[in-house]
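To start, the structure itself, in structure tokens.
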Amino acid sequence: MDCEFISSNLSLADITKSVFNGIEFTDCKMLGLRFETCNDFDLSFSVNNCKLDHSSFYKLKLKKTKFKNVQMHEVDFTESDLADALFENCDLFRASFDRTILEKADLRTAINYSIDPDNNRIRKAKFSKSGLAGLLHKYDIQISE
């Protein structure tokens with residue numbers, strides 16, 4: 001099913017108090033949505049082949065959430081619990097990870113992320129060798145192959 005939710009300062013798509021339980025978003029364009037305003041009771045969803053740019057998941061519990069082939073430019077995951085989450089072929093350009101729980105999360109095929117290991121919980125998270133630069137970004141060092 002194709003879907004499109006676009007939000008801006010005009011609040012074109014208001015998902016406040018919406019319930020997302022067992023939902024699968026596929027081939028959707030969901031820009032600027034504030035998922036933290038939805039009902040977080042039993043919140044569970046997966047996202048496949050979607051655009052989620054400028055959306056926010058502030059302080060949400062998203063354990064075991066699956067994101068596959070998702071563009072997430074400038075998404076806010078501040079203080080979210082993403083333990084055991086999967087980011088398969090996801091583009092996390094300028095995504096915010098601040099005090100985020102990423103324990104056992106799988107980012108092996110994710111690209112363009114910048115995650116500060118000192119400011120986020122990443123114990124047993126999975127990263128590829130090519131993604132290590134995203135963990136060392138704050139040190140402003142050059143990494144060669």
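The values are calculated or read from the model by the stated rules, or taken from the named source; none is laboratory data. Everything numeric in this text was worked out from a predicted model, so none of it was measured. Every residue, glycine among them, receives a Cβ derived from its backbone with ideal geometry; neighbour counts consider all protein chains shown.
Would you tally the residues in the range 116-145 being of a type in the set (A, V, I, L, M, F, W, C) and either part of a loop (DSSP other than H, G, I, E, B) or touching a Gly at 6+ places or on another chain (Cβ under 8 Å) (or both)?
The number of residues fulfilling the criteria is 6.
Listed here are the residues, each with its yes/no results for (1) at pLDDT 95 or above; (2) surrounded by fewer than 15 Cβ atoms within 10 Å (Cβ to Cβ); (3) out of contact with any Pro (no Cβ under 8 Å at 6 or more places or on another chain); (4) over 21 Å from K138 (Cα atoms).
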residue: N49; (1), (2), (3), (4): yes, yes, yes, yes
residue: F57; (1), (2), (3), (4): yes, no, yes, yes
residue: I101; (1), (2), (3), (4): yes, no, yes, no
residue: K104; (1), (2), (3), (4): yes, no, yes, yes
residue: L107; (1), (2), (3), (4): yes, no, yes, no
residue: I111; (1), (2), (3), (4): yes, no, yes, no
residue: D118; (1), (2), (3), (4): yes, yes, yes, no
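More than 10 Å from the chain's Cα centre (by Cα) and at pLDDT 95 or above: which single residue out of E88, E74 fits that description?
Step by step, each of E88, E74 is checked, and only E88 is more than 10 Å from the chain's Cα centre (by Cα) and at pLDDT 95 or above.
Against the condition among the hydroxyl-bearing types (S, T, Y) and closer than 18 Å to T26 by Cβ, how does S114 come out, does it pass?
no
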